[in-house]
Every structure is written in structure tokens, then in C-alpha cells.
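What follows is a short report on a single structure.
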Amino acid sequence: QVQLVESGGGLVQAGGSLKLSCAASGSIFWVKYMGWYRRPPGKQREMVATIGRLGTTDYSDSVKGRFTISRDNAEKMVYLQMNSLKFEDTAVYYCAALGSTEYWGQGTQVTVSS
């Protein structure tokens with residue numbers, strides 16, 4: 001079993017920054033990717049960024065150049081640094097552990113005021 005707990009969400013003005021953290025507990029040696037996903041109001045969940053075991057990253061076009069995903073394998077932490085936030089980044093952000101099985105956190109709300 002893997003548990004993921006997100007933190008760091010909140011209210012920020014457009015142009016501001018936030019850093020999300022995801023703490024993983026349990027065995028994650030099988031995990032191929034850790035990722036951040038989001039669900040904007042009234043929309044489907046979408047991929048924001050993923051990071052592989054060796055640090056290979058992938059980003060959605062909407063956040064490239066503004067967001068940075070990173071991981072600390074020793075501490076079993078994954079981070080999402082979000083800069084130059086826009087109103088359309090408002091969403092519930094979820095941490096995910098992806099492999100043969102998927103685990104998801106409960107989500108953290110990010111609200112960007114215009």
C-alpha cells in the first residue's frame with residue numbers, strides 16, 4: 001500500500017508562486033513515475049507533470065517553462081514548483097504514483113485570483 005499526502009496549496013494572486021509537496025509512505029520501489037495532475041472546476045483531470053525514477057520529466061504544454069517537478073527519492077517526496085501562476089491554473093492538484101498500480105492523493109486546492 002502507498003499513501004500520498006499533498007500539501008502547499010492555497011490562494012495566490014496571478015503572477016505569484018506556490019510549491020506543492022507530496023509525501024509518500026509505503027513501498028514505492030515499483031513506481032515508474034510520480035506525477036502531478038489537476039482537475040480544474042467543471043473539467044476533467046489532466047496531467048500537469050511527471051517524473052521518472054531517474055529524473056526524466058514531462059510537462060503539459062500549458063505549464064512548460066512555468067512549473068518544475070522534482071523528487072527526493074531518499075525522502076520519498078515529490079515537489080511541484082509553480083511560478084507565474086495564471087487564473088486558469090486554478091484546480092485541485094493531485095499527486096500520483098504510477099506503475100502497474102496507481103495510487104492517488106486526496107488533492108490540494110490551488111486558487112489563483114486574477
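The values are calculated or read from the model by the stated rules, or taken from the named source; none is laboratory data. Note that this is a predicted model, so its numbers are computed, not measured. Methodologically, a virtual Cβ is constructed for each residue, glycine included, from the backbone with ideal geometry; neighbour enumeration extends over all protein chains shown. The protein model used for the area step is the full one, side chains on, heavy atoms only, and it has no ligands, DNA or RNA in it. Shrake-Rupley method; radii C 1.70, N 1.55, O 1.52, S 1.80 Å.
Just a few scattered comments:
- Residues that are over 20 Å from Ser114 (Cβ atoms), open to solvent by less than 40 Å² (accessible area, probe 1.4 Å), in contact (Cβ under 8 Å) with a residue 40 or more places away in the chain and outside any strand (DSSP E or B), drawn from segment 16-72: Ile28, Val31
- Residue in segment 51-74 that is acidic (Asp, Glu) and in contact with a Pro (Cβ under 9 Å, 6 or more places away or on another chain) present: no
- Residues located in segment 1-15, provided they are within 17 Å of the chain's Cα centre (by Cα), loosely packed, with under 13 Cβ neighbours inside 10 Å and assigned to a loop (DSSP other than H, G, I, E, B): none
- Ser114 vs. criteria open to solvent by 50 Å² or more (accessible area, probe 1.4 Å), among the small types (Gly, Ala, Ser) and touching a Phe, Trp or Tyr at 6+ places or on another chain (Cβ under 6 Å): yes
- Members of segment 84-104 that are of a type outside the set (A, V, I, L, M, F, W, C), over 20 Å from Ile28 (Cα atoms) and open to solvent by 60 Å² or more (accessible area, probe 1.4 Å): Ser84, Lys86, Glu88
- Across segment 38-77, the number of residues qualifying as modelled with pLDDT of 95 or more and either touching a Cys at 6+ places or on another chain (Cβ under 8 Å) or among the basic types (Lys, Arg) (or both) comes to 6.
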